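The values are calculated or read from the model by the stated rules, or taken from the named source; none is laboratory data. This structure is a prediction, so every number in the text was calculated from the model and none was measured. In this analysis, Cβ positions are derived from the backbone assuming ideal geometry, glycine residues included, and neighbour counts consider all displayed protein chains.
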Amino acid sequence: MRLESINAATGETLATFEFWDDARLETALQSAEDAARLWRARPLSERAERIGALAVHLRERTDALARLASLEMGKPIREARAEVEKSAWACEYYAEHAEAMLRAEPVATDAGRSYIAYEPLGTVLAIMPWNFPFWQVFRHIAPTLAAGNTLLLKHAPNIPQVAAAIEDLVREAGIPEGVFINLPIDIEQSARVIADGRVHAVTLTGSERAGRSVAALAGQNLKKAVLELGGSDAFIVLDDADLDLVLSQAVTARFQNGGQSCIAAKRMILTEGIADAFVERFVEAVRALKVGDPLDEATQIGPMARADLREQLARQVDDTVAAGAQCLLGGKAIDGPGHFYAPTVLDHVGIGMPAYHEELFGPVATLIRVQDADEALDVANGSRFGLGGSVWTRDTAHGERLARAIESGCAFVNGMVKSDPRLPFGGVKASGYGRELGIQGIHEFVNVKSVWIR
């Protein structure tokens, strides 16, 4: 059985890799356990210095790394470079702040001295997706390794060259052997890794189905788990919104990365006073998007990552239109090589339609019309997902009240949802639990220990 690296724009096979056998996996697990004892004993300042070196190497190889992401999963090259840059930023952030985040906190008790200490758990397994192949990994590498843990990466099978490149970067940064290991393994082997006593926690970014499976395995083995799953973020546009501002962000919020983002604006909820004007201008903006070769600097929409993903998206769109929605633009796969799907706008989407209830992971915008802000909030919270959401209004106080009321892990007022190393990131409901990034992210994989001294 092999891992295949396939050019998403042409279907050409770029490279093949062999899955590891169980003997090689066993060696890796033991190597991580041995490295964990030594890595946690190194001064935090030294660990942080190595994380900072990672940022340097990422920036030095930006063009080559971005090209890999464009080839393997179809990300437009400009977006791929921005992703590598953001990964470097995360490394710099934790290199600078990890020591303060992990500093022991004194607490006044009946002891002579008592405090809260933050100590590494051991080895963490990270099961990561293909859609942001560098950012998703480095936002775990930076805090997890800075905290003194070792990290095992089970990356998505369609981006094996990216996974190998990340391991090379870690070695170039002077991080010792065994502290970070890329595991080319299958699903069955991954389950055994979660159960292995040398692995102390697991983090997953992926589908709701994968999250349920990993959560069950982690629970059976009493392992800490952090899950960042699907999303169907609400993008609420109120009557008094600044339409120019909204439209400058709306296309990016939905179509960045070809719409293949957990925090994309998947449900645009429009109040009746602004809906017609928004729709007219939004459709024209989407129509102007350039679809093509992801290595072309002018391309804004590349291919979808895999053929099966395009087929699933096409079924959801077809079923939504059959149920009564209006397809204002696109609505079909693009003929020719690669996994291209036309940028699509679906209007008058309502209850019972797939686009209303399901996550559409591709270049399709769902427009839902409501009467007022109260109905908009009801629709926003009517989803089983709860990753992010945004509110667009000139009344920022009203926008903040709505943002606080949205059932999600993050909410933005007059800004598109994005992840930021300085803020915790994660969801509620079917979007998962636990947090990445911020101080909360580095504290997810530490032992929060109370120390009491007479």
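Does His155 satisfy being out of contact with any strand residue (DSSP E or B) (no Cβ under 6 Å at 6 or more places or on another chain), assigned by TED's automatic domain parsing to the domain that holds Glu83, surrounded by 20 or more Cβ atoms within 10 Å (Cβ to Cβ) and under 26 Å from Gly211 (Cα atoms)?
Taking the combined requirement at face value, the residue satisfies it.
Given the criteria in the same structural domain as Gln161 (by TED's automatic domain parsing), more than 17 Å from Ala142 (Cβ to Cβ) and either surrounded by 19 or more Cβ atoms within 10 Å (Cβ to Cβ) or out of contact with any Ser or Thr (no Cβ under 9 Å at 6 or more places or on another chain) (or both), does Thr13 qualify?
Working: in the same structural domain as Gln161 (by TED's automatic domain parsing): yes; more than 17 Å from Ala142 (Cβ to Cβ): yes; either surrounded by 19 or more Cβ atoms within 10 Å (Cβ to Cβ) or out of contact with any Ser or Thr (no Cβ under 9 Å at 6 or more places or on another chain) (or both): no.
Against the criterion (in the same structural domain as Gln161 (by TED's automatic domain parsing), more than 17 Å from Ala142 (Cβ to Cβ) and either surrounded by 19 or more Cβ atoms within 10 Å (Cβ to Cβ) or out of contact with any Ser or Thr (no Cβ under 9 Å at 6 or more places or on another chain) (or both)), Thr13 does not qualify.
If a residue must be in contact (Cβ under 8 Å) with a residue 24 or more places away in the chain and more than 18 Å from the chain's Cα centre (by Cα), how many such residues does segment 236-266 contain?
Counting residues in segment 236-266 that are in contact (Cβ under 8 Å) with a residue 24 or more places away in the chain and more than 18 Å from the chain's Cα centre (by Cα) gives 14.
Tell me whether segment 330-337 contains one or more residues that are crowded, with 23+ Cβ neighbours inside 10 Å and either under 23 Å from the mean Cα position of the chain (by Cα) or not aromatic (Phe, Trp, Tyr) (or both). Don't jump to the end; show me each part of the working.
Taking segment 330-337 as the starting set, the residues that turn out to be crowded, with 23+ Cβ neighbours inside 10 Å are none.
Checking segment 330-337: not a single residue is crowded, with 23+ Cβ neighbours inside 10 Å and either under 23 Å from the mean Cα position of the chain (by Cα) or not aromatic (Phe, Trp, Tyr) (or both).
Run Ala82 past the list (1) assigned to a helix (DSSP H, G or I); (2) touching a residue at least 12 places away in the same chain (Cβ under 8 Å); (3) surrounded by 15 or more Cβ atoms within 10 Å (Cβ to Cβ) and report the number of the one that doesn't hold.
For Ala82, the failing item is (2).
Filter segment 352-372 for residues that are assigned to a helix (DSSP H, G or I) and in contact with a strand residue (DSSP E or B) (Cβ under 8 Å, 6 or more places away or on another chain) and give the result.
Ala355, Tyr356 - these are the residues of segment 352-372 that are assigned to a helix (DSSP H, G or I) and in contact with a strand residue (DSSP E or B) (Cβ under 8 Å, 6 or more places away or on another chain).
Please find, among Leu58, Leu54, Leu38, the residue that is in contact (Cβ under 8 Å) with a residue 24 or more places away in the chain and farther than 19 Å from Leu102 by Cβ.
Leu58
What are the pairs with Cβ atoms under 8 angstrom where one residue, in segment 98-109, is touching a residue at least 60 places away in the same chain (Cβ under 8 Å) and the other, located anywhere, is assigned to a loop (DSSP other than H, G, I, E, B)? Sequence gap at least six, or different chains.
Ala98/Ala147; Leu102/Ala147
Please go through (1) more than 20 Å from Tyr93 (Cα to Cα); (2) charged (D, E, K, R); (3) not in a loop (DSSP other than H, G, I, E, B) for Glu46 and return the number of the only condition it doesn't satisfy.
Tallying (1) more than 20 Å from Tyr93 (Cα to Cα); (2) charged (D, E, K, R); (3) not in a loop (DSSP other than H, G, I, E, B), Glu46 fails exactly one: (1).
How about segment 411-424: which of its residues are touching a residue at least 24 places away in the same chain (Cβ under 8 Å) and either surrounded by 19 or more Cβ atoms within 10 Å (Cβ to Cβ) or farther than 29 Å from Tyr94 by Cα (or both)? Spell out the reasoning first.
Step one: filter segment 411-424 for residues touching a residue at least 24 places away in the same chain (Cβ under 8 Å), giving 412, 414-419, 421-422.
Matches in segment 411-424: Phe412, Met416, Val417, Ser419, Pro421.
Matching residues to (1) in contact with a Leu (Cβ under 8 Å, 6 or more places away or on another chain); (2) crowded, with 23+ Cβ neighbours inside 10 Å; (3) part of a loop (DSSP other than H, G, I, E, B):
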site	(1), (2), (3)
Ile236	yes, yes, no
Gln249	no, no, no
Gln256	no, no, no
Cys262	yes, yes, yes
Ala265	no, yes, yes
Arg281	yes, no, no
Glu284	no, no, no
Asp293	no, no, yes
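If you take the residues of segment 101-124 that are outside any strand (DSSP E or B) and in contact with a His (Cβ under 7 Å, 6 or more places away or on another chain), which of them is farthest from Val193 (Cα to Cα)? Quick ask: steps written out before the conclusion?
In the first step, residues of segment 101-124 are kept if they are outside any strand (DSSP E or B); the result is 101-104, 107-112, 121-122.
From what's left, in contact with a His (Cβ under 7 Å, 6 or more places away or on another chain): 121-122.
Details: Leu121: 16, Gly122: 14 Å.
Checked segment 101-124; the qualifying residue farthest from Val193 (Cα to Cα) is Leu121.
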